[in-house]
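One structure is given below, encoded as structure tokens.
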Amino acid sequence: MDWKNFQALLSGVNKYSTAFGRIWLSVVFVFRVLVYVVAAERVWGDEQKDFDCNTRQPGCPNVCYDQFFPISHVRLWALQLIFVTCPSLLVVMHVAYRKERERKHRVKHGMEAKLYENTGKKHGGLWWTYLLSLFFKTGIEIAFLYLLHFIYDSFYLPRLVKCNSKPCPNQVDCYIGRPTEKKVFTYFMVGASAFCIVLNICEIMYLIFKRISRVARQMKRQTRITVSHHNDCKNNACCNCHLPMNRLDIKPSLRIKEDMRASAPNLSWAP
């Protein structure tokens, strides 16, 4: 994994994030990526070498290690970090698509023409893309936490594990290297992941609440404009008629007869 490109990706996404999103990026990069690169990889670097069993049966330590560590913690966390940051690419790609549309629109209609007020502003389709990326990140975090708990039956690492798989002659005891240190880092990474889930949920609620508030304000403004127009029309004596008021007071049938007499004055009309 190229961590410089990874950092550049996170910095690019930071421009289009909310306050919760910026905190999430800081937690991912500082408390997860740096801890993973600086400390976690070294702690798990010699895990199979320090996995010691009380037997010299060839192949038994390897089988027991594979039984208890089907996938290493650090490799699982590396996959988690990659998958968690991938949804952020959706936002970057959508903003790039908007910029390209804006460029083509200006080439076609002139440099003063604007298709978007701000290509990075979360309105329309970009809002839905950003919200969808948050749901993806939350689902991925929960899925990896469940996978880690399912593989190891808990987040706790014991000092001693018992194994009776072949080719072990009987049940043997195996000891994990640096169990306390590994347990501390496991709890730390799980806690950071849980905190990121909370941040994602808060950001989802913030975006939805902000969108509902904006729609409510627009509806209230539209209602106010409609009521204002209605009151202006009501204050006029007759806003939709061009006839004098004395003609409006005449019944419709009499008014029709008067119009016909005016158009044909030579004819005799019955009263």
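No value in this document is a laboratory result; all are computed from the given coordinates. Quick caveat, the model's predicted, so the values are computed rather than measured. Please note: Cβ atoms are built from the backbone with ideal geometry, for glycine as well, and neighbour counts cover all protein chains shown.
For Ile23 and Val63, a Förster radius of 51 Å and the Cβ-Cβ distance give a FRET efficiency of 0.70, rounded to the nearest 0.05. Summarising the label geometry, the points placed 7 Å from Cα in the beta-carbon direction at Glu41 and Ala194 lie 2.8 nm from one another. Rounded to the nearest 20, the Cβ-based charge dipole of region 3-216 about its Cα centre (Lys and Arg +1, Asp and Glu -1) stands at 1160 debye. Excluding Leu79 itself, calculate the net charge of residues whose Cβ lies under 15 Å from the Cβ of Leu79, where each Lys or Arg counts +1 and each Asp or Glu counts -1. Neighbour charge sum, excluding Leu79 itself: +1.
Full extension of the chain between Ser228 and Gln171 yields a length gain of 11.9 nm, computed as 0.36 nm times the residue separation minus the alpha carbon distance. Taking other C-beta atoms within 10 angstrom as a stand-in for reagent exposure, Leu89, Leu160 fall in the order Leu160, Leu89, fewest first. Fewest-first ordering of Lys182, Lys49 by other beta carbons within 10 Å of each residue's beta carbon gives Lys49, Lys182.
Full extension of the segment from Arg217 to His149, taken as 0.36 nm per residue of separation minus the current Cα-Cα distance, would add 19.9 nm. Would you please state which residues of region 198-228 a label at Ile71 would reach in this model, taking the label point 7 Å out along Cα→Cβ and a backbone N cut-off of under 18 Å? The answer is none. For region 68-103, the residues whose backbone nitrogen is under 17 Å from a point 7 Å from the Cα of Asn164, taken along Cα to Cβ, are 68. Extension gain for the segment Lys104 to Lys49, taken as residue separation times 0.36 nm less the Cα-Cα distance, is 13.9 nm to one decimal.
So if we plug the beta-carbon distance of Val184 and Lys210 into 1/(1 + (r/R0)^6) with R0 = 51 Å, what FRET efficiency do we get, rounded to 0.05? Calculated value: 0.85. Here, P(r) means the percent of Cα pairs in each 10 Å bin from 0 to the largest distance; for region 3-216 it is 7, 27, 25, 18, 12, 7, 3, 1, 0.
In this structure, the pairs whose alpha-carbon distance is over 22 Å, taken from Lys137/Lys182; Lys49/Lys182; Lys162/Lys183; Lys49/Lys166, are Lys137/Lys182.
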